[in-house]
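Visitor: Structure provided below as structure tokens; questions to follow.
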Amino acid sequence: MERYPQLKIYLLFALGLLVISMIRMNSYSLRNQSKFTDPTPKKHSYNKNYNPNVVTEKFGKKKLDGIVCVKFQGRLGNSMFQYVFLYLIAKLKHLYPILPENSELFHIFEIEKTTLSAIKKPLNACSKLPEYKERWSTSYDEQLLTVPNDKSARFVGYFLSWKYWLDYEDEIRKLLTFKDFIVQKAHAQMRNITSKMEFDITNEENVIVSIHIRRGDFASSVYINYGHLSPNETYYRNAMKYFKTRHKKVLFVVGSNDIDWSRKALEGEKNVYFSTGNAAAEDIALLSLANHTIISIGTYGWWIGWMAQGTCVYYKNAMRPGSRFANNVRTHSLNDFIYPGWIPIE
């Protein structure tokens, strides 16, 4: 018979409580750090057990005679809107989505090369199709969705509205899966930033807010005369104040096509890190890892706000009333462009 059996029971019970406590502490830490340390974050929809080639999954199981093309124009942010619209039309109208042979999207996202050469069609096939043009800039045009099913077509426009695909949003998030090397780099950079700034990400009261500052062409006289209004430093400081009054501690990570202007505009602000040296897609991936976002104007910042999925603050006065820009937008407002729930600030 063992000696002191009750003592042994007490020791085992105490050991069990200790193990449970350690598991809970570790789980709390992982919940707060996983956004930046998990190399395959849910946010970017990268799942080894999920077939990332959503187009093939949807269209590759049966032969589709008809094709659908979009005139790709503009830079990355615009191309993403145009590709999402292309995918939606292909899905709804039972058509095969055609991308340009040399599209940059192939190097950024885990998407299938659904090109004309891939299905052995002439490289000028898109130019011979019936053409449908959007009626407004930065607006939803429901007439584009009334084209006949199974009939090849070509679309011209920017298609800058979430209204086209809101019912398929989860599917679109899977579609826009960054290449693994972009995901890995973004997470490594965010870890380095938080380490360098000595920012405690394990504290649930602390948040990271990314700021995208669009200058360059949008600050030029051409865009200003057209009706685009770029926010000044007052907007960014007001937007930063919005988050600082709601959270115990905030780290701001800034990406911009004019870092020099950004540094001067935010001079004196604390806990601000300026990201430099990234390619366009790499900065989207990095900035969208933040808990919340501050965006200026334009499609590039739009995608950062949408991908981050937190609170997004945007510039309220991005369009001058009565301008050519306003007259080319449906209802003379940006409601079709601004994602539901985003916060306007002046």
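Visitor: Ignoring ligands, DNA and RNA, how do Asp65, Asp180, Asp141 rank by accessible area with a 1.4 Å probe, largest first?
Guide: Greatest to least solvent exposure: Asp65, Asp180, Asp141.
Visitor: What is the ratio of the Cα radius of gyration of the range 146-232 to 2.2 N^0.38 Å, with N the residue count, to two decimals?
Guide: Relative to the 2.2 N^0.38 Å estimate, the range 146-232 comes out at 1.68.
Visitor: Oh, and also: If you average the sequence gap of Cα pairs under 8 Å that are 6 or more apart and divide by the length of the range 268-314, what percent do you get for the contact order?
Guide: Normalised by residue count, the contact order of the range 268-314 is 34 percent.
Visitor: Rounded, prolate or oblate: which fits the range 186-242, taking a ≥ b ≥ c as square roots of the Cα gyration tensor eigenvalues, rounded meaning a/c under 1.5, else prolate when a/b beats b/c?
Guide: It is prolate, given that a/c is not under 1.5 and a/b is the larger ratio.
Visitor: Could you size up the charge dipole of the range 128-256 around its Cα centre, putting +1 on the beta carbon of Lys and Arg and -1 on that of Asp and Glu, and report it in debye to the nearest 20?
Guide: 440
Visitor: Round to a whole angstrom and tell me the spacing of the C-alpha centers of the range 296-322 and the range 166-191.
Guide: 19
The values are calculated or read from the model by the stated rules, or taken from the named source; none is laboratory data. Keep in mind that what you see is a predicted model, and the values were worked out from it rather than measured. Here the Cβ is made from the backbone with ideal geometry for all residues, glycine too, and neighbour counts use every protein chain on show. Heavy atoms of the whole protein, side chains included, go into the accessibility calculation; ligands, DNA and RNA do not. Shrake-Rupley method; radii C 1.70, N 1.55, O 1.52, S 1.80 Å.
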